[in-house]
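The values are calculated or read from the model by the stated rules, or taken from the named source; none is laboratory data. This one's a predicted model, so the numbers in the text were calculated from it and none came from an experiment. Because the Cβ atoms are built from the backbone with ideal geometry, glycine has one as well, and the counts that use them run over all protein chains shown.
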Amino acid sequence: MRASVWLGLLVALVAMGLSYPSVDAHHSSAPFYDPEQQIEVIGVVERFVFRNPNSFLYVEAGGDDGASVVWEIEMGASVSMTRRGWTPHTIAVGDEVKVVGQPSRAPGTTGVCCAELTRPDGSPIRP
């Protein structure tokens with residue numbers, strides 16, 4: 001009798017685990033990026049790193065002093081982006097993009113998170 005009770009409990013726990021909705025793990029960006037500010041960068045894609053746990057887009061743009069600056073845009077995990085239709089080829093080296101997002105809190109860095117990406121004319125970048 002005891003074995004059947006334990007087996008029934010185990011089956012119930014497994015069934016509950018399988019029916020529980022999936023949840024994507026995510027860390028808060030607030031410690032690293034300032035949600036109270038937004039910056040805009042228009043530049044040319046230097047590199048697109050499509051990977052887990054986060055993908056990164058590197059955009060070269062002119063800085064305030066006229067020198068070239070490479071911005072690091074933190075994006076989602078490639079597995080999540082793939083579900084929305086993105087591939088490593090959605091954005092190509094040499095594409096011109098406009099990035100609007102939260103700047104990095106770290107002094108002297110050029111990171112951006114939680115960004116909206118469009119073409120410089122405002123048209124969407126679609127996977």
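Let's see how each residue does on (1) of a type in the set (Phe, Trp, Tyr); (2) surrounded by 16 or more Cβ atoms within 10 Å (Cβ to Cβ):
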{"residue": "Phe32", "(1), (2)": "yes, no"}
{"residue": "Pro35", "(1), (2)": "no, no"}
{"residue": "Phe48", "(1), (2)": "yes, yes"}
{"residue": "Arg51", "(1), (2)": "no, no"}
{"residue": "Gly63", "(1), (2)": "no, no"}
{"residue": "Gly66", "(1), (2)": "no, no"}
{"residue": "Ala92", "(1), (2)": "no, no"}
{"residue": "Gly101", "(1), (2)": "no, yes"}
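If the condition is being loosely packed, with under 13 Cβ neighbours inside 10 Å, outside any strand (DSSP E or B) and not hydroxyl-bearing (Ser, Thr, Tyr), then the stretch 106-127 contributes Ala106, Pro107, Gly108, Pro120, Asp121, Gly122, Arg126, Pro127.
Note on the stretch 12-69: residues that are among the polar types (S, T, N, Q), more than 25 Å from Thr87 (Cα to Cα) and modelled with pLDDT under 50 total 1. Taken as a whole, the structure places Ile42 among residues that are touching a Lys or Arg at 6+ places or on another chain (Cβ under 7 Å) and among the β-branched types (Val, Ile, Thr). Condition first: closer than 14 Å to Glu40 by Cβ and in contact with a Leu (Cβ under 6 Å, 6 or more places away or on another chain). Can you find one or more residues in the stretch 109-121 that meet it? No, the conditions are met nowhere in the stretch 109-121.
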